[in-house]
Amino acid sequence: MRKLSMVVCLGLGMVAASAKASIAQVSPSAEWAAHAANQYQIFPNITYLTASNYEAKMDIYARRGVTTPQRTIVYFHGGFWAAGNKEGALMSLIPWLEMGWTVVNVEYRLARVALAPAAVEDCLCALRFVAAQAKTYNIDTTRIVLTGESAGGHLTLTTGMIPDGAGLDRECAGNTPIPKVAAMINWFGITDVADVIDGPHKANLAVTWLGSLPNKDEVAKRVSPLTYVRPGLPPILTIHGDMDQLVPYDEAVRLHAALTKAGVINQLLTIPGGRHGNFTPEERMKIFSTIRDFLAKNGLGSP
C-alpha cells in the first residue's frame, strides 16, 4: 500500500513538473493570446453617426485596468468604398492589440448606401466621436494614429489630412473639435481618386462610389489625399507593393514625393514584388518592424 502511495505521489509530481515545464515553454505570442481577454474589454457596435437612414458603427477594444489616457489606433477597412465591413478586418487588429494599443474599428457608409463623399465624411465623424468619448474609453487624443488598407488607407489619409473648414464634417454629431492625429499608417491607399474612377487604372468598385454624380471630377479631387498635401501634416508611413495591380504603386510614389517636398515627415516602405495586400509572413514581419520603428521615432513607441 505504501509503495502504491509512493508511486501515485511520484506520478503526480511528474505531472506537475511536466505542466510547469509546458507553461515555461510557451512562446510569448501564445502567452499573450491566452490572456488577451484579461487585457481588453470590447464595446461592440457603438453608433457614432446616423445618416442616409443608416447607423454607422464602430467597435472599441479598450484596455482593462488602466486609468490614464491610452495610445489609440483607429482602423478603417478596405473595399474600394463599396464593399467590406469592420468584422472582416479583425485579423488586422491583432498586432495592435498585442502591442498594447486601444483599438477603434470603424465602419462607414458604402456606395450602395450613399455616394461620395459620404465615406470620407463618416470617418471624420468617427474621429470626432472618438475625441468626444475620450474620457469614457481612456483615449489619449494627442496620441491617436489612423490606419487602414486600400480604401481604408485612403480614408486614413483623408481623415488625417483634410483641414478644418473643408465642409466635410457637417453631418457629424456634437461640436467637439476634430483632433489633429499623431500619425498615419497608410497601407496601399488611393491617393488620386480620379485615377481609379476614370483614369488608366479604373476599377469597377471604385466607379460605383461616385456613380453618376454630375460633378464627379470635382468630388474626386475633393476626396483625394494629394489635394491636401501641405506643410505641418502629421507623420505618414506608406506601405505599398511595387506590383500592386489594383492601386498603382505610382500613387504611393507621388504621395511620398509631394509630402517630402512639403517638408512633412514621411516614409515609403516598398514591398518588392508585392501585390495588393496578401503579403507573406516575412513581409508582414518587416512591415510591422518598420511600423514600430516609425512610431517610436515620432514619440509613439511606448504606452
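The values are calculated or read from the model by the stated rules, or taken from the named source; none is laboratory data. If you're wondering where the values come from, they're calculated on a predicted model, not measured in any experiment. So basically every Cβ, Gly included, is an ideal-geometry build from the backbone, and we count neighbours across all protein chains shown. Each accessible area value is taken on the protein alone, full model and side chains, heavy atoms only, with ligands, DNA and RNA left out. Shrake-Rupley method; radii C 1.70, N 1.55, O 1.52, S 1.80 Å.
What net charge is computed for the residues neighbouring Gly274, neighbours being all others with C-beta under 9 Å from the C-beta of Gly274, Lys and Arg scored +1, Asp and Glu -1?
After counting each charged neighbour, the total is -2.
Springs between alpha-carbon pairs under 10 angstrom, Gaussian network model over the chain: which of Leu157, Leu146, Leu259 fluctuates most?
Among Leu157, Leu146, Leu259, the largest mean-square fluctuation in the Gaussian network model of the chain belongs to Leu259.
Tell me, what ³J(HN,Hα) does each residue in segment 210-225 have, in order and in whole Hz, if you take phi through Karplus 6.51 cos²θ - 1.76 cosθ + 1.60 with θ = phi - 60° and put x for Gly and Pro?
Values per residue, Gly and Pro as x: 9, x, 10, 4, x, 10, 4, 5, 5, 5, 4, 5, 5, 9, 9, x Hz.
When the chain is fully extended, how far beyond the present Cα-Cα distance does Asn215 get from Phe43, taking 0.36 nm per residue of separation?
58.0 nm
Calculate the dipole size of segment 54-147 relative to its Cα centre from +1 charges on Lys and Arg beta carbons and -1 charges on Asp and Glu beta carbons; express the result in debye to the nearest 20.
Rounded to the nearest 20 debye, it is 200 debye.
How do His240, His201 stack up against each other in accessible area, from largest to smallest, with a 1.4 angstrom probe?
Details: His240 0, His201 80 Å².
Largest accessible area first, the list is His201, His240.
What is the set of long-range amide H partners of Ala116 at a cut-off below 5 Å, with H atoms built 1.01 Å from backbone N?
Amide H neighbours of Ala116, under 5 Å, 5+ apart: Leu210.
Need one number: % antiparallel among DSSP beta bridges in segment 29-130, to the nearest 5.
70
Got a sec? What order do Glu149, Glu98, Glu282 fall in by accessible area at 1.4 Å, biggest, i.e. largest, first? Before the final figure, lay out the partial values.
Numbers: Glu149 40, Glu98 90, Glu282 130 Å².
Final ranking, largest accessible area leading: Glu282, Glu98, Glu149.
Using a simple charge model, +1 on the beta-carbon of Lys and Arg, -1 on the beta-carbon of Asp and Glu, nothing else, what dipole does the chain show about its Cα centre, in debye to the nearest 20?
Dipole size: approximately 1060 debye.
Given 4 °C and 1.567 mPa s, compute D for the chain with the Stokes-Einstein relation, Rh being the Kirkwood radius over Cα pairs; round to the nearest whole µm²/s.
63
For segment 172-286, with every protein chain kept in place, what is the accessible area per residue (1.4 Å probe, Å²)?
Values: 5570 Å² over 115 residues.
Solvent-accessible surface per residue comes out at 48 Å².
Filter the DSSP H helices in the chain by two things, a Kyte-Doolittle mean of at least 1.0 and an axial alpha-carbon span of 18 angstrom or more, and list the hits by number.
2-24, 118-132
Tell me the accessible surface of Tyr249 in square angstrom (1.4 angstrom probe, heavy atoms of protein chains only), to the nearest ten.
Number for this one is 60 Å².
Identify, among Pro179, Phe288, Ile190, the residue whose Cα sits farthest towards the positive end of the charge dipole of segment 159-303, taking +1 on the Cβ of Lys and Arg and -1 on the Cβ of Asp and Glu, with the dipole about the Cα centre.
Pro179
Under 10 Å, Cα contacts only: if you run a Gaussian network model on the chain, which one of Gly88, Gly274, Gly211 comes out with the highest mean-square fluctuation?
The residue with the greatest mean-square fluctuation here is Gly88.
Heads up, I need the accessible area for Ser289: 1.4 angstrom probe, whole protein in place, Å², nearest 10.
60
Ordering Asp164, Asp169, Asp250 by how much accessible area each has at a 1.4 Å probe, largest first, what is the list?
Final ranking, largest accessible area leading: Asp164, Asp250, Asp169.
Could you work out what % of the accessible surface of segment 139-250 is carbon and sulfur, using a 1.4 angstrom probe and leaving DNA, RNA and ligands out of the count?
Values: 2220 of 4430 Å².
Summing carbon and sulfur atoms, their accessible area is 50 percent of the total for segment 139-250.
Output the pairs from Lys135/Lys221; Lys180/Lys221; Lys202/Lys261; Lys261/Lys297; Lys221/Lys261 with a Cα-Cα distance over 24 Å in this structure; if there are none, say none.
Details: Lys135/Lys221 36 Å; Lys180/Lys221 22 Å; Lys202/Lys261 28 Å; Lys261/Lys297 20 Å; Lys221/Lys261 20 Å.
The pairs that break the limit, which is 24 Å between Cα atoms, are Lys135/Lys221; Lys202/Lys261.
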